[in-house]
Amino acid sequence: MIVSAGLNETFEWASPIGIGSNCSIKLSEIILKQNPKRLIFVGSMGLYDKSKELFSIYEFNKACNIELSALDDLAYTPLKFDEIPNLNSSNFICKNYEYAKKMHEKYGLIGENMECFSFFSTARYFNIKASAILIATNYCDEFAHDEYLKNTKKANELLENYLEDKGLL
């Protein structure tokens, strides 16, 4: 089963689950009603590393939740990660490239997506195999939101083509 956040990332072939950490509620409802054997989340991501190209497509099988304040030693988490994955997830979008660059350098993160930590946590709770296929729509800098809005339509088309080429649609 393919799911997406909805709003600007709506597809006729994907069930919308909501934006940010709220997606876990709708995803749980879908799982309980439809009992999918596999989940694929599709959507967008912002890049922490400007050496990566916009409209690049990445596949992930887990995400972490590291807040920017951790870079300044202002926060910690009791969550334990065996290894830090390449994808960060937060309800807040980073719009400071210096912090984005530090997230990449310190933790090896490629970028961020608002839903994936909750998506993967929910799938893991229900013991369902899950993956995410994300397309880079913007860099995490002061232009992040405007760049995202400008690039979403093209990104959605490229993402659909990618899924067709992989035989997922």
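What to note about this one:
- Directionally averaged projected area (convex hull, Cα atoms, segment 112-169), nm²: 4.7
- For the chain, averaging the sequence separation of C-alpha pairs within contact (under 8 Å, six or more residues apart) and dividing by the residue count gives a relative contact order of 31 percent.
- Listed as lacking a disulfide-compatible partner in the chain: CYS23, CYS64, CYS116, by the criterion of no other cysteine Cβ under 4.7 Å.
- Distant alpha-carbon pairs in segment 1-52 (separation over 19 angstrom), percent: 31
- Computed lengthening from LEU32 to TYR125, 0.36 nm per intervening residue step minus Cα-Cα distance: 32.3 nm
- Projected onto their three principal axes, the Cα atoms of segment 10-99 cover extents of 43, 33, 23 Å, largest first.
- Average Cα contact separation per residue, segment 1-88, under 8 Å, 6 or more apart, as relative contact order %: 23
- Gaussian network model of the chain, Cα within-10 Å springs - most flexible of ASN151, ASN127, ASN138: ASN127
- The label point for LEU54 and the one for TYR162, both projected 7 Å from the Cα toward the Cβ, are 1.5 nm apart.
- More than 21 Å apart - percent of Cα-Cα pairs taken over the chain: 44
- Surface accessible to a 1.4 Å probe, per residue, for the residues of segment 1-110, Å²: 57
- For segment 118-169 and segment 20-60, distance of Cα centres in Å: 6
The values are calculated or read from the model by the stated rules, or taken from the named source; none is laboratory data. Since this is a predicted model, take the numbers as computed values, not measurements. Cβ coordinates were reconstructed from backbone atoms using ideal geometry, including for glycine residues, and neighbour counts include every protein chain displayed. Remember, those area values only see protein heavy atoms, side chains included, never the ligands or the DNA or RNA. Shrake-Rupley method; radii C 1.70, N 1.55, O 1.52, S 1.80 Å.
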